[in-house]
Amino acid sequence: MMKKRMLTTASALLLSGSLLLTGCTSKSGGSESFSSKDYGLKDVTFPLKEEKTLKIMTSSSPLAPEDPNEKLIFQRLEDQTGVKIDWRNYTTDIFNEKRNLAIASGELPDAIFNAGFSDYELLKHAKDGVIVPVEDLIQYMPNLQAVLEKAPQYKAMMTAPDGHIYAFPWIEELGEGKESIHSLDAFPWINMEWLNKLGLEVPKTTEELKQVLIAFKTQDPNGNGEADEIPMSFIINDGGQDPHSLFGAFGLGDNWDFTVVTNDGEVKLTAADESYKKAISWFNDLYNEGLIDIEAFEHDWNTYLAKGRDKKYGLYFTWDKGNITGMGDDYDLLAPLKGPEGHQNVARTNGMGFDRSRLVVTSANKNLELTAKWIDQLYDPSQSVQNNWGTYGDEKQQNIFGMDEATKMLKHLPLEGTAPVELREKTSVGGPLAILDSYYGTVTTKPDDAAWRLNLMKEVMVPYMEADNIYPRVFFSIEDLDRLSVIETDMFAFIKRKRAEWIANGGVEKEWNDYLAELDRLGLQEWLEIKQKGYDRNQE
């Protein structure tokens, strides 16, 4: 499990240094093509009788070896297949520049691993002949075929509007449907120690929460004799740190991209709904009472983190409390509140473990069958698990897994204080892979932090999720992507600005009709039409 804020680790400090200045250069050197020669292979089976080389560009963390072949995962894969990979590897901060330079110069590898293309870039490079369609290669890929048979929804997400597939994806499921770990990012965490100190019950309604926050402000729950408690804090418009998870008490609810799908299949913009206005008005009331952190509209992550570690918050929002206030019992997940009109809803976040472009095959590749069968090894269930998290049996460094020889199941080992993100960056390889929810308990165990959060999601949040669907990873055409980009740049900036202004300064009731008119002027109706057509096409 890896979210934006969990990536804030010591590893970021290592982004400066000599490694940034180097990459594994092509053995062919100069301006010659980096791609492999045509081996003339057909009906490929592994291991090959004679070792062959594929040349692939990739990116990796500065914590990882400069040569990916030093990773045990790739060493084992080479032994299993007889395919040696000649890597051209760059650290993540300079990878895009080097990737784009290779494309511009025509010095293309056989494939690009951890490619990182946007949908627009995928379609453009396909149109320009830089990358090739890969749907015909799936016939050589039984592991990927098995994934798509078990989870056919991914086939639609892989497929461009023109019917072609231009990349191999990364898929990581943790929970299914409403119980997916991605169903809600902004968990509200309430200070149980303060509630107990003041003899208060956990609030169940928006009005009860207001009274609790007033008590936090006025009754010195931390007992230091100073009015230094912060009843509620958040980082406005900041994903998991935004307070959008409370908006469902007023109706439709809200999420980080302001997009929900009703159970009738209608795409709606949350920030244009009447319930959004009511929620904003309620937050403004809390602000006027001095119950919201005055820095909630301007402070950065480090400031938010520091105040949380000092246990100054009565209620705050984030993905995992362990990142801010720790894993103790002093904070607990606040269940969805009932609003003044009886609503008790949790709007789902449109998140999922899916990246469309983890590997692309270039037009320079002369060994398509060989390449496809090598890529397919990455979709083997046990291989995918290791590629995503790390491996087992490494005698040179800490392992994230142990292999249960009796069941052949990979079991997560205790981390013994090691940051999970850093261990993954050192040992995992990423790239195209698939981890389906059905793998847990058979192929691997769940990480402890993920299992804990999934259980909280199921017990506390899922019972109040009204929506059966999320907005999926629709693959739009270049034309639609152009229009969405233009509209969203201005419209979302306007929504976020007014959201902050209204909570702090009020005025939502007076300005609401003008606000809706401005959304229409900025392209809301066209945006809804494009998004609805994309959703409907995805459901076919």
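Expressed as a whole percent, the accessible surface of region 121-182 that belongs to carbon and sulfur atoms is 49, based on a 1.4 Å probe. For His164, the accessible surface of its heavy atoms amounts to roughly 70 Å² (probe 1.4 Å, protein chains only, rounded to the nearest 10). Under the convention that each Lys and Arg Cβ holds +1 and each Asp and Glu Cβ holds -1, the size of the dipole of region 296-437 around its Cα centre is about 300 debye.
The phi torsions of region 507-522, fed into the Karplus equation with coefficients 6.51, -1.76 and 1.60 and a -60° offset, translate into couplings of x, 5, 5, 5, 9, 4, 5, 5, 4, 4, 5, 5, 4, 5, 4, 7 Hz, rounded to whole numbers, with Gly and Pro shown as x.
Note down the relative contact order for the chain as a percent, whole number, built from C-alpha pairs under 8 angstrom at least six residues apart.
Averaging sequence separation for qualifying contacts and normalising by length gives 22 percent for the chain.
Annotation for region 246-353: GluC sites (Glu not before Pro) lying in DSSP loop with at most 15 further Cβ atoms inside 10 Å of their Cβ are Glu266, Glu289, Glu298, Glu341. Close amide H partners of Phe354, meaning residues 5 or more places away or on another chain with modelled amide H under 5 Å apart, are Glu172.
Over all other residues within a Cβ to Cβ distance under 11 Å of Lys127, the charged ones net out to -2, with Lys and Arg as +1 and Asp and Glu as -1.
Helix 368-377 versus the longest principal axis of the chain: what angle, 0 to 90°, nearest 10, using Cα atoms? Approximately 50 degrees, to the nearest 10. Of the solvent-accessible surface of region 196-348, computed with a 1.4 Å probe over protein heavy atoms with every protein chain present, carbon and sulfur atoms account for 44 percent. For the residues Thr318, Thr442, Thr205, a 1.4 Å probe over the protein chains yields an accessible-area ranking, largest first, of Thr442, Thr205, Thr318.
Could you give the alpha-carbon Rg of region 333-426 over 2.2 N^0.38 Å, rounded to two decimals?
My calculation over the Cα atoms of region 333-426 gives 1.68.
Taking a sphere under 9 Å around the Cβ of Lys210 and counting the other residues whose Cβ falls inside, with K and R at +1 and D and E at -1, yields a net charge of -4. Kirkwood radius and radius of gyration were both taken over the C-alpha atoms of the chain, and their ratio Rg/Rh is 0.99.
Shown in residue order for region 219-224 are the 3J(HN,Hα) couplings computed by the Karplus curve 6.51 cos²θ - 1.76 cosθ + 1.60 at θ = phi - 60°: 10, 6, x, 8, x, 9 Hz (x for Gly and Pro).
Hey, if we sort Tyr90, Tyr276 by accessible area with the 1.4 Å probe, largest down, what's the order? The partial results should precede the final answer.
Values: Tyr90 30, Tyr276 5 Å².
Descending order: Tyr90, Tyr276.
Rounded to the nearest whole Å², what accessible area per residue is found for the chain with the 1.4 Å probe?
That works out to 43 Å² for each residue.
Entry note, the chain: the mean residue ellipticity at 222 nm calculated from DSSP H runs of n ≥ 4, each adding -39500 (n - 2.57), is -10500 deg cm²/dmol after division by the residues and rounding to the nearest 500.
Whole-Hz Karplus values for region 405-419 come out as 5, 5, 9, 6, 9, 7, 10, 4, 8, x, 7, 6, x, 6, 5 Hz, taken residue by residue from phi with 6.51 cos²θ - 1.76 cosθ + 1.60 and θ = phi - 60°; glycine and proline positions read x. Within region 266-305, name every residue whose backbone N is under 19 Å away from a label modeled 7 Å from Cα of Leu528 along the Cβ vector. Residues 266-279 fall inside that zone.
For chymotrypsin sites (Phe, Trp or Tyr not before Pro), no site in region 162-250 is both called loop by DSSP and has at most 13 other Cβ atoms within 10 Å.
To put it simply, the accessible area of region 385-539 at a 1.4 Å probe is 48 percent carbon and sulfur. The count of lysine pairs in region 26-172 whose Cα atoms are under 21 Å apart, excluding pairs fewer than 8 places apart on the same chain, comes to 24.
Under 5 Å from the amide H of Lys84 lie the amide H atoms of Lys52, Thr53, Leu54, each residue being 5 or more positions distant or on a separate chain, with H modelled from the backbone and absent for Pro and chain starts.
The values are calculated or read from the model by the stated rules, or taken from the named source; none is laboratory data. All values derive from a computational prediction rather than experimental measurement. Positions of Cβ are generated from backbone atoms using ideal geometry, with glycine treated the same way; all protein chains shown enter the neighbour counts. Just so you know, the surface numbers come from the protein's heavy atoms only, side chains and all, with ligands and any DNA or RNA stripped out. Shrake-Rupley method; radii C 1.70, N 1.55, O 1.52, S 1.80 Å.
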